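A.B. asks: Structure below; questions to follow.
The values are calculated or read from the model by the stated rules, or taken from the named source; none is laboratory data. Model, not experiment: these values are computed from the prediction. Because the Cβ atoms are built from the backbone with ideal geometry, glycine has one as well, and the counts that use them run over all protein chains shown. All accessible areas refer to the heavy atoms of the entire protein, side chains included, with ligands and DNA or RNA removed. Shrake-Rupley method; radii C 1.70, N 1.55, O 1.52, S 1.80 Å.
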Amino acid sequence: MQLTYPDGSIHEFPQGTTGLDVAASIGSRLAKAAVAVSVDGAEWDLGRPLPEGGGEFAVITAASEEGRHVMRHSAAHVLAQAVLELFPEATFAIGPPITDGFYYDFWNPEPFTEEDLERIEAKMHDIIAADQPFVREEMSAEDALEIFARHRFKCEIIESVDASEVEGGDVVSAYRNTEVFTDLCRGPHVPSTGRLEAVKLLRTSGAYWRGDENNPQLHRIYGTAWESKKELDAYLHRLEEAEKRDHRRLGPELDLFSFPRDLGPGLAVWHPKGGLMRKLIEDHSRRMHERYGFDFVVSPHVAKAELWRTSGHLDFYAENMYPGMELDSEEEYRVKPMNCPGHVLIYKSSGRSYRDLPLRLSELGAVYRYERSGVVHGLLRARGFTQDDSHTFATPEQLADELVMHIDFVLQWLRDFGFEEFEADLSTRPEKYVGEVPRWEQAEADLAAALDHAGIPYKIAEGEGAFYGPKIDVHIKDAIGRRWQMSTIQVDFNLPERFGVEYTTSENTKARPFMVHSAKAGSLERFFGVLTEHYAGAFPMWLAPVQAAVITVADRHEDYAYEVAGQLKAAGIRAEVDAGSGKLGEKIRKAIMSKTPSILVVGDNDVEAGTAGFRLRGEDEKRGTPIGDIVETLTELGTIPS
RNA sequence: GCCGGGUUAGCUCAGUGGUAGAGCAGCCGCCUUGUAAGCGGCAGGUCGCGGGUUCGACCCCCGCACCCGGCUCCA
């Protein structure tokens, strides 16, 4: 058989050669680092004879993403083996690798406790120490059903395996570790359990079989596995770091916002510092919308139920809407979960001609959505929030340019807040859809063209679009590498239809415009939450609620401190004086802990010379800096993006 | 909504079937300080809410509210 290495070289091997043989022929270190190999993209166990046809060959090492995937999958098996040994009544369902770890779902009469987890983990370490081989076995589906007869979820899987997925048809594979433990699995796996260097169980949770709440609820155990103890520790450290960045912790700590119990779940109040930051963000939003040619509109928070019936929200979105309000002799009213119908009514308030288009309506619109009680999550998933929502009405000819502009706007917006890495999803027509196919196709093509124009990486999510139209979602990568969906641009064929939205063409005929929903920040609450986590609360100068802390060395410097703060404020810098009687170190610490981006210390020498000890976040202090210089530096750093 | 865990002072958390504690924050005083926590004192709690068991419940039981981790990244 012929194998083509990643460097393009071609090598000949006899039939029956295994991945390990090939790796060993390349180098003993590579053979040692290998956990599996791939041939033409398909992964193979190290000890499994390679396919007769050969192909593009690559060694998968433990330190690669693919390698970790294999390792984690194997770790999941070890977890299952441990659980089945310790809990005789348990049956196992599925246990895939996931980002940064793995999980396994079990059915068991009792949920697993913390102590169970420790016992399970200890058992896993025994299994790993025993260095049991993972032996691949292939069998017919009937035989598999017999072997796994006691495990109803495995049987369901076997029955649902599409024969065409497996070469040779009606064959499934399993991996056997011991005489008593084998697990249905496509593979590949590491050669033996001893190859699992660093495995740790993290937590338990409930999970529905196949994610469907109509199915039985299983007990899920999450774990993680890495190629070395060092990597595992680094991962656990990252988890801790992420916890420190948690906006739900930082928000109240920095006095930005809180979720008072008395208010209700998913509902936040903004404190003065957070309120100030929100104002800065909103101001920037308005400035940008203005620059990109949007008009500002306002729509009320409640509307007749009939409006939501017309828009279709009561058909498709009712479970996320607060229940109706009964009013005397009036129709029922509903709190708005979206701004679109209001904007459509503004469009329809007068006859529209092609000369009016594109018409771009924008609103910082507060909406309320009844999120299920288990899913609210700080500002990231709130029940009340404000969207920077806009709706653009355009002719078919204008759509392409409009979408280019929208993407440009979105990226500019995100860059202004310090996000640098983007990735987009283009979601196309799903199976159930409304509207005409040619319109879908035009919109999809125009969206793709806009993405190409913007030059950001994107992938096509086939069939993932909303029933009413295709869309682009823009994701950012934050400071610690997490992805967040931020902005969205969606074409809508449904609402214009439902509301009979039209315009008069140059031929004096009526035509239906394209409607584009877009949100650059999305929910301001969510955007703020992500910003907080991205910066770990240490916001850039232009967003920092307090930009400069002026700290006195001793009481006698208080007057001078206020004088300095006055100069800063006169220059538009948000300065605060800390003239407290504490030690200097204590006051400095307080300023650092509150993530104030600059600190000015004033003492005798400074009063004398008109200077301050000046320190920017993360830098050393510069004693005796003239106040004028400080104002200049802070003004420059605090410039609002434009 | 469902499964699991949790709820004690403003915050972080100890605690026992016999009337509740620490650190930080707050307030007062001393210190007058030159770049990440000076010292002392004071004040602060319906132990989430409601019910039950008990001579007695923060602790045990039941219900509720809220918070946290999850609820296909498809063997």
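A.B. asks: Could you work out how much longer the chain between A:ASP295 and A:GLU441 gets when fully extended? Use 0.36 nm per residue separation minus the Cα distance between them, nm to one decimal. Please report the intermediate quantities before stating the final value.
C.D. replies: Working: separation 146, 0.36 × 146 = 52.56 nm, distance 2.85 nm.
Between A:ASP295 and A:GLU441, full extension yields an extra 49.7 nm.
A.B. asks: Okay, moving on. Hey, got a sec? Which trypsin sites (Lys or Arg not before Pro) in the range A:353-418 land in a DSSP loop and have at most 14 other Cβ atoms within 10 Å?
C.D. replies: Sites meeting the loop and neighbour criteria: A:ARG372.
A.B. asks: Rounding to the nearest 20 debye, state how big the charge dipole of the range A:453-523 is about its Cα centre with +1 on each Lys and Arg Cβ and -1 on each Asp and Glu Cβ.
C.D. replies: Here the size comes out at about 280 debye.
A.B. asks: Past 23 Å, Cα to Cα, is the threshold; run A:LYS477/A:LYS587; A:LYS569/A:LYS622; A:LYS595/A:LYS622; A:LYS273/A:LYS595 against it and keep the listed order.
C.D. replies: Numbers: A:LYS477/A:LYS587 35 Å; A:LYS569/A:LYS622 21 Å; A:LYS595/A:LYS622 19 Å; A:LYS273/A:LYS595 12 Å.
Checking Cα-Cα distances, A:LYS477/A:LYS587 exceed 23 Å.
A.B. asks: In addition: Test of understanding: extend the Cα→C-beta vector of A:ASP246 to 7 Å, then name every residue of the range A:512-543 with backbone N under 17 Å from that spot.
C.D. replies: Output list for this probe position: A:529-537.
A.B. asks: A further question follows. By accessible area of protein heavy atoms, probe 1.4 Å, what ranking do A:SER329, A:SER311 get, highest first?
C.D. replies: Working: A:SER329 125, A:SER311 5 Å².
Result, largest first: A:SER329, A:SER311.
A.B. asks: Then there is this: With each run of n ≥ 4 DSSP H residues scored as -39500 (n - 2.57), what mean residue ellipticity at 222 nm is computed for chain A after dividing by its residue count and rounding to the nearest 500 deg cm²/dmol?
C.D. replies: -10500 deg cm²/dmol
A.B. asks: Relative to the Cα centre, what is the charge dipole magnitude of chain A, using +1 at the beta carbon of each Lys and Arg, -1 at the beta carbon of each Asp and Glu, and rounding to the nearest 20 debye? Intermediate values should be presented prior to the final figure.
C.D. replies: On the way: 70 positive and 106 negative charges, 364 e Å.
Roughly 1740 debye, rounded to the nearest 20.
A.B. asks: Using 0.36 nm per residue of separation minus the Cα-Cα distance, give me the extension gain between A:ARG617 and A:ILE26 in nm, one decimal.
C.D. replies: Taking A:ARG617 through A:ILE26 to full extension adds about 207.7 nm, to one decimal.
A.B. asks: With the crude spin-label approximation of a point 7 Å out along Cα→Cβ, what separation in nm comes out for A:GLU65 versus A:ARG483?
C.D. replies: Between A:GLU65 and A:ARG483, the simple spin-label model gives 0.8 nm.
A.B. asks: Describe numerically, in nm with one decimal, the distance between label points set 7 Å from Cα along Cα→Cβ at A:SER642 and at A:HIS453.
C.D. replies: Placing both labels 7 Å beyond Cα along the Cβ direction yields 2.6 nm.
A.B. asks: Between A:VAL78, A:ILE94, A:SER64, whose Cα lies farthest towards the positive end of the dipole of the range A:58-173 when Lys and Arg beta carbons carry +1 and Asp and Glu beta carbons carry -1, centred on the Cα centre?
C.D. replies: It is A:SER64.
A.B. asks: Rank A:TYR333, A:VAL171, A:PHE467 by how far each Cα sits towards the positive end of the charge dipole of chain A (+1 on Lys, Arg Cβ; -1 on Asp, Glu Cβ) and give me just the farthest.
C.D. replies: Of the options given, the answer is A:TYR333.
A.B. asks: Where does the range A:1-158 land on Rg(C-alpha)/(2.2 N^0.38 Å)?
C.D. replies: 1.22
A.B. asks: If you bin the C-alpha pair distances of chain A every 20 Å from 0, what whole percents do you get?
C.D. replies: The distribution over chain A is 15, 36, 36, 13, 0, given as percents.
A.B. asks: Rounded, prolate or oblate for the range A:205-246? Axes are the square roots of the Cα gyration tensor eigenvalues, ordered a ≥ b ≥ c, and the cut-off for rounded is a/c under 1.5.
C.D. replies: oblate
A.B. asks: What shape does the range A:238-320 have by the C-alpha gyration tensor, where a ≥ b ≥ c are the square roots of the eigenvalues, rounded means a/c under 1.5, and otherwise prolate means a/b greater than b/c and oblate the rest?
C.D. replies: It comes out oblate by the Cα gyration axes.
A.B. asks: Could you tell me what percent of the accessible area of the range A:1-73 is made up of carbon and sulfur, with a 1.4 Å probe and every protein chain present?
C.D. replies: 54 percent
A.B. asks: If you take the square roots of the eigenvalues of the alpha-carbon gyration tensor of the range A:274-393 and sort them as a ≥ b ≥ c, do you get rounded (a/c under 1.5), prolate (a/b over b/c) or oblate? Before the final figure, lay out each step's value.
C.D. replies: Details: a/c = 2.18, a/b = 1.14, b/c = 1.92.
Verdict is oblate for the range A:274-393.
A.B. asks: Using +1 at the Cβ of each Lys and Arg and -1 at the Cβ of each Asp and Glu in chain A, identify which of A:PHE148, A:PHE499, A:HIS534 lies farthest towards the dipole's positive end.
C.D. replies: Projecting each Cα onto the dipole axis, the largest value belongs to A:HIS534.
A.B. asks: Once you have the Cα-Cα distance between A:SER506 and A:GLU197, take 0.36 nm times their residue separation minus that, and quote the gain in nm to one decimal.
C.D. replies: Numbers: separation 309, 0.36 × 309 = 111.24 nm, distance 7.13 nm.
Result for the pair: 104.1 nm of gain on full extension.
A.B. asks: Suppose R0 equals 30 Å. What FRET efficiency, 1/(1 + (r/R0)^6) with r the Cβ-Cβ distance, do A:THR99 and A:LEU584 give to the nearest 0.05?
C.D. replies: So the FRET efficiency works out to roughly 0.05.
A.B. asks: If you roll a 1.4 Å probe over the heavy atoms of the protein chains, what accessible area per residue do you get for chain A, in Å²?
C.D. replies: In whole numbers, chain A has 47 Å² accessible per residue.
A.B. asks: Could you check how much of the accessible area of the range A:229-364 is carbon and sulfur, as a whole percent, using a 1.4 Å probe?
C.D. replies: Heavy-atom surface of the range A:229-364 belonging to carbon and sulfur, 1.4 Å probe: 52 percent.
A.B. asks: Nothing charged except the Cβ atoms of Lys and Arg (+1) and of Asp and Glu (-1): what's the magnitude of the dipole of the range A:75-161 about its Cα centre? Round to the nearest 20 debye.
C.D. replies: Computed charge dipole of the range A:75-161: roughly 120 debye.
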